[in-house]
1. Can you give me the accessible area per residue for the chain, using a 1.4 Å probe, in Å²?
2. At 0.36 nm per residue, minus the direct Cα-Cα distance, what do Ser54 and Arg100 gain on full extension? Give it in nm, one decimal, please.
3. Run down the lysines and flag those whose C-alpha is under 24 Å from the C-alpha of Lys65, throwing out any fewer than 8 positions away in its chain.
4. In nm, what is the difference between 0.36 nm times the number of residues separating Ser71 and Ala14 and their Cα-Cα distance?
5. Measuring from centroid to centroid over Cα atoms, what is the spacing of the stretch 41-56 and the stretch 69-121 in Å?
6. How much of the DSSP bridge set in the chain is antiparallel, in percent, rounded to the nearest 5?
7. Could you tell me which trypsin sites (Lys or Arg not before Pro) in the stretch 1-59 are loop residues by DSSP with no more than 12 other beta carbons within 10 angstrom of their beta carbon?
8. For Glu110 and Ser63 in one chain, what is 0.36 nm times their gap in residues minus the Cα-Cα distance, to one decimal in nm?
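The values are calculated or read from the model by the stated rules, or taken from the named source; none is laboratory data. A quick note: this is a predicted structure, and the numbers were derived from the prediction, not measured. Positions of Cβ are backbone-derived with ideal geometry, glycine not excepted, and every protein chain shown enters the neighbour counts. Quick note on the areas: whole protein, heavy atoms, side chains included, nothing else; ligands and nucleic acids left out. Shrake-Rupley method; radii C 1.70, N 1.55, O 1.52, S 1.80 Å.
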Amino acid sequence: QVPLVESGGGLVQAGGSLRLSCAASGFIFSRYNVGWFRQAPGKAREFVAAIRWSSFNPTYADSVKGRFTISRDNSKNTAYLQMNSLKPEDTAIYYCAVDRSPTITTIYSEYDSWGQGTQVTVSS
């Protein structure tokens, strides 16, 4: 179990941008892969993006490719999700998670720990 805190969510108009942050503490962040997931009311949690500890070969869901960018700064124990060209269907609670598997996974149940989530609302 590791502590993770998401921030940066809010209300934005369609076409706008937000940058989410995932701050880690109390563990060696650089040893973990990082994933972002989101969950809208009444829907299953879905994969958004993931990045390895080395920042090599980030992976994105088809729905966000070309619009979202995942990154990390291990010196600051923080991961980011830059979200551009936001759409109303991006509205959800966004969660970050960490994983020590040798490869990136897009399945939320395979991650070790989760943050509390941050709300993103995109208006028309």
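1. Values: 6260 Å² over 124 residues.
With all protein chains present, the chain gives 50 Å² per residue.
2. 15.3 nm
3. Straight-line reach from Lys65, under 24 Å: Lys43, Lys87.
4. 18.2 nm
5. Between the Cα centre of the stretch 41-56 and that of the stretch 69-121, the gap is 5 Å.
6. On the way: 35 of 39 bridges.
Taking every DSSP beta bridge with both residues in the chain, the antiparallel ones total about 90 percent.
7. On the way: sites: Arg19, Arg31, Arg38, Lys43, Arg45, Arg52; in loops: Lys43, Arg45, Arg52.
For trypsin sites (Lys or Arg not before Pro) across the stretch 1-59 that sit outside H, G, I, E and B with at most 12 neighbouring Cβ atoms in 10 Å, the list reads Lys43.
8. Numbers: separation 47, 0.36 × 47 = 16.92 nm, distance 2.12 nm.
Fully extending the segment from Glu110 to Ser63 adds 14.8 nm.
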